[in-house]
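Colleague: For reference, the structure I am asking about is given below.
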Amino acid sequence: MQRYKTSDKIINTLKNFEGNINYQRDIKKSYQDGTFFIHDDGAQYPTIGYGHKIKSNELEKFKNGISENEAESLLRNDLDNVENDLNQIIKVPLSQNKVDALASFIFNVGAGENVTNSNTINMINKNLEFNPITGKTLESEFKEWNTSNGVFKEALKDRREKEWEIYSDGNY
């Protein structure tokens with residue numbers, strides 16, 4: 001079985017999903033003068049840089065912010081963890097665009113049991129485009145991951161649509 005690794009193509013896509021510099025400066029007010037500061041990710045998790053969820057033992061480390069280079073380094077380290085998750089969850093060969101799309105998906109929703117045992121991942125591992133039991137397509141299963149704490153989020157709907165474009169068409 002091949003070992004999955006994300007491509008550099010997904011980095012800029014993830015930066016946009018997780019809040020590019022303009023968004024963090026103008027909307028979140030968490031970027032100033034070349035420094036990213038801690039902000040709420042919208043689901044009440046302290047976050048810094050490009051979507052790095054801060055663990056309680058990291059709060060002190062990030063209290064004065066981080067540079068753009070540190071933010072990108074954190075993103076790449078977080079992606080290493082996502083790649084490890086993908087390599088445990090996905091049991092079939094995938095093209096690079098599918099790996100990248102799933103990496104973005106896992107980066108966002110996590111690799112917990114609800115994802116690992118989901119219809120979405122099961123369909124991917126069985127190479128199914130249509131699930132005769134649920135009557136749903138892989139695309140519709142994929143796009144159902146559009147809530148945070150049980151609340152529909154337009155941004156997650158948009159993200160799943162873009163991830164699906166990457167997954168199905170390789171359109172970054």
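The values are calculated or read from the model by the stated rules, or taken from the named source; none is laboratory data. A quick note: this is a predicted structure, and the numbers were derived from the prediction, not measured. Cβ placement follows ideal geometry from the backbone for every residue including glycine, while neighbour counts extend to all protein chains displayed. The accessibility values were calculated without ligands, DNA or RNA, using every heavy atom of the protein model including side chains. Shrake-Rupley method; radii C 1.70, N 1.55, O 1.52, S 1.80 Å.
Colleague: Within the range 128-136, can one find any residue that is part of a helix (DSSP H, G or I) and either out of contact with any Pro (no Cβ under 7 Å at 6 or more places or on another chain) or more than 24 Å from Tyr50 (Cβ to Cβ) (or both)?
Modeller: There is no residue in the range 128-136 that is part of a helix (DSSP H, G or I) and either out of contact with any Pro (no Cβ under 7 Å at 6 or more places or on another chain) or more than 24 Å from Tyr50 (Cβ to Cβ) (or both).
Colleague: Exactly one condition in (1) farther than 22 Å from Phe105 by Cα; (2) at pLDDT 95 or above; (3) open to solvent by 20 Å² or more (accessible area, probe 1.4 Å) is false for Ile27; which is it?
Modeller: (2)
Matching residues to (1) without any contact (Cβ under 8 Å) to a residue 12 or more places away in the chain; (2) of a type in the set (D, E, K, R):
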{"position": "Glu58", "(1), (2)": "yes, yes"}
{"position": "Glu70", "(1), (2)": "no, yes"}
{"position": "Gln88", "(1), (2)": "no, no"}
{"position": "Leu102", "(1), (2)": "no, no"}
{"position": "Asn114", "(1), (2)": "yes, no"}
{"position": "Val151", "(1), (2)": "yes, no"}
{"position": "Asp158", "(1), (2)": "yes, yes"}
{"position": "Ser168", "(1), (2)": "no, no"}
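Colleague: On to the next question. Tally up the residues in the range 151-172 that are open to solvent by 70 Å² or more (accessible area, probe 1.4 Å) and either over 14 Å from Ala101 (Cα atoms) or assigned to a strand (DSSP E or B) (or both), please.
Modeller: 5
Colleague: Among the residues of the range 34-61, write down those that are in contact with a Pro (Cβ under 8 Å, 6 or more places away or on another chain) and part of a helix (DSSP H, G or I).
Modeller: Correct list: Leu59 only.
Colleague: Among the numbered criteria (1) open to solvent by 70 Å² or more (accessible area, probe 1.4 Å); (2) in contact with an Asp or Glu (Cβ under 7 Å, 6 or more places away or on another chain), which single criterion is violated by Leu59?
Modeller: Of everything listed in (1) open to solvent by 70 Å² or more (accessible area, probe 1.4 Å); (2) in contact with an Asp or Glu (Cβ under 7 Å, 6 or more places away or on another chain), Leu59 misses just condition (2).
Colleague: Every residue in the range 1-51 that is of a type in the set (Lys, Arg) and free of Cβ contacts under 8 Å to residues at least 60 places away in the same chain, please.
Modeller: Arg25, Lys28, Lys29
Colleague: In the range 85-105, what residues are of a type in the set (S, T, N, Q) and loosely packed, with under 14 Cβ neighbours inside 10 Å?
Modeller: Within the range 85-105, Gln88, Ser95 meet the criteria.
Colleague: Just for the range 106-121: of the residues that are open to solvent by less than 60 Å² (accessible area, probe 1.4 Å) and either among the polar types (S, T, N, Q) or over 16 Å from the mean Cα position of the chain (by Cα) (or both), which one is nearest to Glu18 (Cα to Cα)?
Modeller: It comes out as Asn108.
Colleague: Then there is this: Across the range 94-117, which residue is farthest from Arg3 (Cα to Cα) among those that are at pLDDT 95 or above and in a loop (DSSP other than H, G, I, E, B)?
Modeller: Out of the qualifying residues, it is Ser95.
Colleague: Against the definition (modelled with pLDDT of 95 or more, within 20 Å of His52 (Cα to Cα) and open to solvent by 50 Å² or more (accessible area, probe 1.4 Å)), how does Ser73 come out, yes or no?
Modeller: Yes, satisfied.
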